[in-house]
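What follows draws every value from the coordinates through simple rules; no lab data is involved. Owing to the predicted nature of the structure, the values given are computational and were not obtained by experimental measurement. Virtual Cβ from ideal backbone geometry, glycine too; neighbours counted across all protein chains shown.
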Amino acid sequence: MPPWIALVDCNNFYVSCERVFDPRLRDKPVVVLSNNDGCVVARSNEVKTLGIPMGAPVFKLRSQIQAHNIQVYSSNYTLYGDLSRRVMQTLEQFTPEVEVYSIDEAFLGLSGDVDAIATQLRQTVQQWTGIPVSVGVAPTKTLAKVANHIATKSTGVCVLETPSTVLADLPVGELWGIGHRLSDRLHQQGIETALQLRDVELSWVRQQMGVVGVRLVQELRGISCLPLDLCPAPRKSCCMSRSFGRPVTAIAELKEAVATYAARAAAKVRRDELKAGVVTVFITTNRFKPSEPQYSNSAVVQLPQPENDMFTLVQAALRAVEWLYRPGYQYKKAGVLLTELSPASVVQTDLFSNLAQQEKREALMRTVDSLNRQFGVGTVFYAAEGIEKGWQMRTMLRSPGYTTRWGDLLLVR
DNA sequence: TCTGGGGTCCTAGGACCC
DNA sequence: TCTGGGGTCCTAGGACCC
């Protein structure tokens with residue numbers, strides 16, 4: 001294992017993606033909103049300077065958006081996913097040891113003149129993809145996160161060899177793995193900085209923060225406890241859920257939404273060559289409106305054998321909705337969770353399964369998937385998903401699918 | 001009017017077994 | 001009188017991440 005770990009982080013990733021295809025957005029304040037245009041999930045530096053926090057609900061920002069002429073975008077995950085893939089492929093030019101950690105971050109194993117490599121890598125990603133990145137290099141993942149933090153605020157590259165002074169200036173709550181709960185508890189115990197946490201007794205850490213805390217503290221001391229994960233295990237669950245664009249009261253609409261989510265979730269597990277053994281459906285009213293009657297519940301359907309066929313999973317999900325639905329409530333959100341995922345290649349049949357029928361369905365699913373891949377999600381769908389979809393989430397301000405839809409190709413002149 | 005979505009890991013406690 | 005203990009599995013809830 002090489003002695004260094006680098007964290008490459010795309011700066012303000014979603015905003016940077018929008019800027020790649022619309023250079024007029026450079027140097028302007030830009031935000032990208034969550035699904036349903038609910039709250040802010042990405043901010044340009046100009047917006048950060050204005051003090052607008054991550055996760056701020058957009059309806060509270062109206063006056064600021066006006067006053068500073070902030071450019072507002074709905075999220076365009078197809079575009080971001082595509083650019084992310086290009087960034088990751090570029091990183092693979094520099095080392096085979098790439099752990100894709102999230103849509104905009106990767107850990108890399110590096111050795112040699114890491115300062116020079118990091119600088120070169122940063123320039124190459126910028127040149128090949130148009131996305132600015134910061135690179136933090138250190139002996140452990142946790143310290144690489146700290147280094148990245150510094151890199152983002154300075155020249156874009158930071159190699160952290162002797163971090164004591166840096167850790168003394170870092171509030172403990174900003175460490176990777178310390179959320180607001182742990183942060184509060186540490187403050188109560190008089191621990192304010194990352195350096196103080198690093199130098200605390202391990203037995204105390206074990207008792208107060210469990211094994212997760214022990215690993216974190218060891219990492220701060222330069223002892224790697226979170227190795228690079230170069231071949232991630234297959235996922236254990238697949239969730240598809242959305243808030244509705246408006247309150248939903250009728251079971252017919254709820255069924256359309258849940259059928260749509262089940263079909264999308266089924267497509268995801270087929271893409272990953274998995275099958276699901278259990279389908280869970282949940283529905284809920286709007287918890288932000290305590291004045292209205294509240295109801296939320298979930299139902300679990302155990303399948304006789306693992307499936308990834310759209311019809312089977314949608315039917316199971318719809319049975320769950322019938323069981324869950326109570327009239328008289330304004331539903332705000334629903335979701336479908338697929339669990340007990342197993343490899344699709346393992347064929348498991350029971351006495352009553354009809355092989356010929358199963359093969360026909362698999363062929364049909366392959367055709368559906370390929371059409372939806374080629375022409376966009378929703379080209380072919382199950383009638384139970386509904387046509388009008390009045391419940392669908394709002395996305396008023398979405399940018400075009402520059403790299404994934406022929407019709408949206410950027411026009412020059 | 002208007003507050004995201006998709007994951008993972010850990011722990012504690014109960015049921016059950018021998 | 002004296003009432004084990006270790007292991008596994010499952011579940012719910014908590015905490016965190018991006």
field: Under 14 Å from the Cα of A:Lys333 - aspartates and glutamates, other chains or at least 8 residues apart
entry: A:Glu253, A:Glu256
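Report the charge-dipole magnitude of chain A in Debye, nearest 20, computed about the Cα centre from +1 at each Lys and Arg Cβ and -1 at each Asp and Glu Cβ. Intermediate results must be reported in sequence, preceding the final value.
Numbers: 45 positive and 39 negative charges, 253 e Å.
It works out to roughly 1220 debye.
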- prompt: What distance in nm separates the simple spin-label points at A:Ser154 and A:Val278, each placed 7 Å from Cα in the Cβ direction?
  reply: 4.9 nm
message: Check which residues have an amide H placed less than 5 Å from A:Leu33's amide H, if you skip close sequence neighbours.
response: A:Val41, A:Tyr73, A:Ser74, A:Ser75
Rough spin-label spacing in nm, given labels placed 7 Å along Cα→Cβ, for A:Gln305 and A:Arg326: 3.8 nm
query: Where in the range A:286-358 are there trypsin sites (Lys or Arg not before Pro) that are in a DSSP coil and have at most 14 other Cβ atoms within 10 angstrom of their Cβ?
result: A:Arg287
Built amide H within the under 5 Å cut-off of A:Asn297, gap 5+: A:Ile283
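If r is the Cβ-Cβ distance from A:Arg26 to A:Gln208 and R0 is 56 Å, what FRET efficiency results, to the nearest 0.05? Don't skip to the end; give the middle numbers.
Details: r = 46 Å, r/R0 = 0.82.
The calculated FRET efficiency here is 0.75.
Tally Lys and Arg at +1 and Asp and Glu at -1 over the other residues with C-beta under 15 Å from the C-beta of A:Ala250: what net charge comes out?
Details: positive: A:Arg246, A:Lys255, A:Arg326, A:Lys332, A:Lys389; negative: A:Glu253, A:Glu256, A:Glu322, A:Glu388.
With Lys, Arg at +1 and Asp, Glu at -1, the neighbours total +1.
Report, in listed order, any pair from A:Lys275/A:Lys389; A:Lys236/A:Lys289; A:Lys28/A:Lys289; A:Lys153/A:Lys236; A:Lys28/A:Lys389; A:Lys145/A:Lys236 with a Cα-Cα distance greater than 29 Å.
Going by Cα-Cα distance, A:Lys236/A:Lys289; A:Lys28/A:Lys289; A:Lys153/A:Lys236; A:Lys28/A:Lys389 fall outside the 29 Å limit.
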statement: Any residue on another chain or 5+ positions along whose placed amide H is under 5 Å from the amide H of A:Leu170 is listed here as A:Ala194, A:Leu195
Surface/4 estimate of mean projected area, convex hull on alpha-carbon atoms of the range A:162-220, nm²: 3.5 nm²
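Give the range of the longest stretch in chain A that excludes all GluC sites (Glu not before Pro) found in loop regions by DSSP and having at most 10 other beta-carbon atoms within 10 Å.
Numbers: sites that count: A:Glu201, A:Glu388.
With GluC sites (Glu not before Pro) excluded where exposed in loops, chain A gives A:1-200 as its longest stretch.
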